[in-house]
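Student: The structure follows.
The values are calculated or read from the model by the stated rules, or taken from the named source; none is laboratory data. Just so it is clear, the structure is predicted and the values come from calculations on it, not from any experiment. Heads up, the Cβs are rebuilt from the backbone with ideal geometry, glycines too, and the neighbour counts pull from every protein chain shown. Quick note on the areas: whole protein, heavy atoms, side chains included, nothing else; ligands and nucleic acids left out. Shrake-Rupley method; radii C 1.70, N 1.55, O 1.52, S 1.80 Å.
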Amino acid sequence: AANAEAAVVQKQKDECEADLAVAIPILEKALAALNTLTKDDFNLVRSFSNPPHGVRLALAAVCVMLEQKPDKVKDPEGGLKKVEDYWGPGKRLLGDVKGFMGSLVSYDRDNIKPRVMAKIRKTYIPDPEFEPERVAKAAAAAAGMASWVHAMSAYDNVAKVVAPKRALLAEAEAALETKMGALREKQAELKKVEDELGELQ
């Protein structure tokens, strides 16, 4: 009975890993791309006084992911209302390249807030100018950031499917461990009886 349960738990574990196998390579590729970037690459992004649209999008999307508050600036289209602008907060983030990179690499991708991902998917992912290949024409660092955001979105899609399976797996593993503990006790009792029987014979 314990062996049969262990087989079921292993199957659940394999399903979780198979689902994650779709997203993990995308994630690893994005992190590898980030690791090739240098301080000069990021300084180039900071140096733009009038950044290309794709570069602005990439830095804004990262700010949204890191929950940086935007500045409120005059609407460049005209009018009295103020609009959200992430360029200033983004440039401040890039002031500490090591810390910025660390925050991307160690990002808690299993617990991305739904409102953060909703904004990313509504405002940035559908924009063709946010495609890493297009952003790369303006700046490699910005393309790396865009790739990272796309990868986080893909991972989050899979994680939402995997999360309930992981919860069920954790319960099943705990139940199995209890059963295996009882099995080990029975095996110890059996060995004692067999030893006694051996002495009697």
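Student: Using alpha carbons only, how many angstrom separate the centre of segment 161-201 from the centre of segment 33-73?
Tutor: Each part reduced to its Cα centre gives a spacing of 54 Å.
Student: Please work out the average accessible area per residue across the chain, using the 1.4 Å probe convention, and give it in Å². List each step's numbers first, then the result.
Tutor: On the way: 12210 Å² over 201 residues.
Roughly 61 Å² per residue, with all protein chains present.
Student: Under a crude label model (7 Å from the Cα following the beta-carbon direction), how far is Gln10 from Ala163 in nanometres?
Tutor: 3.0 nm
Student: In addition: Cα axis of helix 53-65 to longest principal axis of the chain: angle in degrees, 0 to 90, nearest 10?
Tutor: 40 degrees
Student: What is the helix-to-structure angle for 2-35, meaning the angle in degrees between its Cα long axis and the longest Cα principal axis of the chain, kept from 0 to 90 and rounded to the nearest 10?
Tutor: It works out to around 20 degrees.
Student: Sequence neighbours fewer than 8 away in the same chain don't count; with that in mind, list the aspartates and glutamates whose C-alpha is under 13 Å from Lys165.
Tutor: Here the aspartates and glutamates satisfying the reach criterion relative to Lys165 are Asp14, Glu15, Glu17, Asp19, Glu173.
Student: Could you name the aspartates and glutamates whose alpha carbon sits less than 18 Å from that of Lys39, not counting residues in the same chain fewer than 8 places away?
Tutor: The reachable aspartates and glutamates, counting only those whose Cα sits under 18 Å from Lys39, are Asp96.
Student: Same structure again: Just list whichever of Lys29/Lys72; Lys160/Lys186; Lys82/Lys113; Lys11/Lys186 have alpha carbons separated by over 29 Å in the model shown.
Tutor: Working: Lys29/Lys72 34 Å; Lys160/Lys186 40 Å; Lys82/Lys113 26 Å; Lys11/Lys186 26 Å.
Distance filter (> 29 Å) returns Lys29/Lys72; Lys160/Lys186.
Student: In whole angstrom, and with the biggest value first, how far do the Cα coordinates of the chain range along each principal axis?
Tutor: Principal extents (Cα only, largest first): 98, 34, 25 Å.
Student: What's the carbon and sulfur percent of the chain's accessible surface, probe 1.4 angstrom, rounded to a whole number?
Tutor: With neighbouring chains kept in place, the figure for the chain is 56 percent.
Student: Between Glu77 and Ala170, what length comes free when the chain is fully extended (0.36 nm per residue of separation minus the Cα-Cα distance, one decimal in nm)?
Tutor: Gain on extension, Glu77 to Ala170, equals 28.2 nm.
Student: Ok, one more. With an 8 Å cut-off on Cα pairs and a minimum separation of 6 or more residues, tell me the relative contact order of the chain in percent.
Tutor: RCO, the chain: 34 percent.
Student: Residue farthest toward the positive end of the dipole of segment 1-93, with Cβ of Lys/Arg at +1 and Asp/Glu at -1: which of Trp87, Phe42, Leu66?
Tutor: Final value for the positive-end residue is Trp87.
Student: Sticking with this one: Over segment 62-155, calculate the relative contact order: mean separation of alpha carbon pairs under 8 Å at least 6 apart, over the residue count, as a percent.
Tutor: 24 percent
Student: Treating the angle as unsigned and between 0 and 90°, give the value, to the nearest 10°, between the Cα long axis of helix 140-200 and the longest Cα principal axis of the chain.
Tutor: The angle comes out at about 10 degrees.
Student: What lysines does Lys191 reach when the alpha-carbon gap must be under 20 Å and sequence neighbours fewer than 8 apart in one chain are set aside?
Tutor: Lys179
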